[in-house]
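Asker: Once you've had a glance at the structure underneath, I'll fire off some questions.
The values are calculated or read from the model by the stated rules, or taken from the named source; none is laboratory data. All figures in this text were calculated on a predicted structure; none of them were measured in a lab. Here the Cβ positions follow ideal geometry from the backbone for every residue, glycine too, while neighbour counts run over all protein chains shown.
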Amino acid sequence: MPEFSTPHSVKKADSTFTQSEMIRSIRFAIAAEYEAIQIYEEMAENINNKDAVKLIEEIITDEKVHVGNFLQLLRILNPEEEEFYKEGYKETLELLEK
């Protein structure tokens with residue numbers, strides 16, 4: 001039986017989210033969205049019903065939008081984190097230009 005985690009597994013018992021707990025929860029949600037995309041892509045690749053594939057592909061698109069929603073929320077709550085992403089993009093471009 002699979003074990004399903006929740007963003008609340010990062011939450012302290014009997015309290016509201018602190019700023020750092022909320023940030024961790026958002027990261028968890030982003031990872032969960034990517035995991036869902038992977039599962040749905042596997043489903044779409046392994047079914048012969050065109051209508052089902054069409055619907056699953058729409059769901060995949062929705063999940064990708066959710067990733068963007070959560071990334072924007074992370075940017076709002078922790079804007080300095082985006083600088084790390086920018087550094088990663090820069091390093092990648094520099095490497096590829098060599």
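Asker: Taking the range 45-61 on its own, how many of its residues are within 25 Å of Ile30 (Cβ to Cβ) and of a type outside the set (Val, Ile, Thr)?
Answerer: Total satisfying the criteria: 4.
Asker: Can you tell me how many residues in the range 75-98 are of a type in the set (D, E, K, R) and closer than 23 Å to Ala36 by Cβ? Break it down stepwise before answering.
Answerer: Step one: list which residues in the range 75-98 are of a type in the set (D, E, K, R), which gives 75, 80-83, 86-87, 90-91, 94, 97-98.
Remaining after also requiring closer than 23 Å to Ala36 by Cβ: 75, 81.
Going through the range 75-98 one residue at a time, the tally reaches 2.
Asker: Check every one of the helices (runs of 4 or more DSSP H) wholly within the chain and list those with 2 or more residues that are at pLDDT below 95 and acidic (Asp, Glu).
Answerer: By residue number, 81-97.
Asker: Which residue pairs have Cβ atoms closer than 7 Å, lie 6 or more positions apart in sequence or on different chains, and pair a first residue in the range 47-74 that is more than 17 Å from Ala32 (Cβ to Cβ) with a second residue that is in a helix (DSSP H, G or I)?
Answerer: Ile47/Val53; Val53/Ala44; Ile56/Tyr40; Ile56/Met43; Ile56/Ala44; Glu57/Ala44
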